[in-house]
1. Tell me which residues, restricted to the stretch 43-56, are assigned to a loop (DSSP other than H, G, I, E, B) and surrounded by 13 or more Cβ atoms within 10 Å (Cβ to Cβ).
2. Here are some residues: Ile92, Ile48. Which one is in contact with a Leu (Cβ under 9 Å, 6 or more places away or on another chain), closer than 13 Å to Cys14 by Cβ and modelled with pLDDT of 95 or more?
3. Can you name the condition, by its number, that Glu18 falls short on among (1) closer than 16 Å to Ala108 by Cα; (2) touching a residue at least 60 places away in the same chain (Cβ under 8 Å); (3) of a type in the set (Asp, Glu)?
4. Taking the condition of being without any contact (Cβ under 8 Å) to a residue 12 or more places away in the chain and either assigned to a strand (DSSP E or B) or of a type in the set (D, E, K, R) (or both), how many residues in the stretch 71-121 meet it?
5. Hey, can you tell me all the residues within the stretch 57-89 that are more than 23 Å from Arg13 (Cα to Cα), crowded, with 16+ Cβ neighbours inside 10 Å and among the β-branched types (Val, Ile, Thr)?
6. Please tell me if Thr3 is modelled with pLDDT under 95, loosely packed, with under 12 Cβ neighbours inside 10 Å, farther than 19 Å from Gly98 by Cβ and among the hydroxyl-bearing types (Ser, Thr, Tyr).
7. Which count do you get for residues in the stretch 1-42 that are β-branched (Val, Ile, Thr), over 23 Å from Glu72 (Cβ atoms) and assigned to a loop (DSSP other than H, G, I, E, B)?
8. Restricting to the stretch 11-28, count the residues that are exposed (fewer than 15 other Cβ atoms within 10 Å of the Cβ), β-branched (Val, Ile, Thr) and touching a helix residue (DSSP H, G or I) at 6+ places or on another chain (Cβ under 6 Å).
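The values are calculated or read from the model by the stated rules, or taken from the named source; none is laboratory data. Computed from a predicted model, the values in this text were never measured in an experiment. Don't worry about glycine lacking a Cβ; one is built from the backbone with ideal geometry, like all the others, and counts go over all protein chains shown.
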Amino acid sequence: METYTRDQLTQKRCVPCEGGVPRLTPEQAAAYLAGLNGWTLTADGQRIRKEWTAKHFKAAMEFLNRVAELAEEEGHHPDLHLVGYRQVAIEIWTHAIGGLSENDFILAAKIDTLPIAVKGG
């Protein structure tokens, strides 16, 4: 099975999905995850998730705003979470199919290129 690097994924664009596309199999999702750093499948296997500890509240908000801008550009919108004042978590899945598609991994790879000031960094 082919694996995808972050660089390969960042060269792609999210394709609008209104359903009718099969969800990725667990094996396909694992192949995409292999090219990403720190993203994991959620317990139900239907989403991918990553967490960061930002340096401070402003750094967390700046990062979330960058993610929001990227999501708008790609037309693919993740769930953004800020817990406490600097714990950031992002969950991505393709809502129209209730599971994972290539779009989710494209967006995750592009999110990983965005700067975030992290605790201890």
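1. Our first condition is that a residue be assigned to a loop (DSSP other than H, G, I, E, B); within the stretch 43-56, this holds for 43-47, 55-56.
Selection gives Gly45, Gln46, Arg47, Lys55.
2. Values: Ile48 fails: closer than 13 Å to Cys14 by Cβ.
Result of the check over Ile92, Ile48: Ile92.
3. Status for Glu18: all satisfied but (1).
4. Adding up the residues that qualify gives 4.
5. Val88
6. So Thr3 passes the test.
7. From the stretch 1-42, those β-branched (Val, Ile, Thr) are 3, 5, 10, 15, 21, 25, 40, 42; that's our starting set.
Now restrict to residues that are over 23 Å from Glu72 (Cβ atoms): 3, 5, 25, 40, 42.
After this cut, where a residue has to be assigned to a loop (DSSP other than H, G, I, E, B) as well, the list is 3, 5, 25, 42.
The total comes to 4.
8. Initially, the stretch 11-28 is screened for residues exposed (fewer than 15 other Cβ atoms within 10 Å of the Cβ), giving 11, 13, 15-16, 18-20, 22, 25-27.
Checking the rest, the ones that are also β-branched (Val, Ile, Thr) come to 15, 25.
Those still in the list that are touching a helix residue (DSSP H, G or I) at 6+ places or on another chain (Cβ under 6 Å) too: none.
Number of matching residues: 0.
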